[in-house]
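Before any comments, here is the structure.
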Amino acid sequence: MGRAVAPGEPLWLDEDRAWALALAEVERDSCPDCGHPWSEASAPESEFQYDVTLLRCHACAAGARETAAFQKGNGAPEGLHVSITRRG
């Protein structure tokens, strides 16, 4: 997808810049862990507004168990992932 840029044409059109700036704004306002907007998720009124489901990736768990065993002995919580959904 995209357009062919002919010689003498600008690489970025006004619309391209607008989309790039919009994406940068979304990324700037996103929690690096869950991806929800910081402005929403960090607001005091948002406390208790999220449902959480804990999921275990068995592939990650196996790797984490082996690593933990190698480092110190054993462990159960390794490989635990958190899935977060906003209440609607």
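Summarised in one figure, the compactness ratio Rg/Rh of region 1-61, Cα atoms and Kirkwood Rh, is 1.24.
Remark: region 1-59 carries a charge dipole of roughly 300 debye about the Cα centre, counting +1 on each Lys and Arg Cβ and -1 on each Asp and Glu Cβ.
A short reminder: the numbers here are calculations on the coordinates, not readings from a lab. Note that the coordinates shown come from a computational prediction; the quantities given were computed from them, not determined experimentally. When we count neighbours, we look across all protein chains shown, and the Cβ atoms used for this are built from the backbone with ideal geometry, even at glycine.
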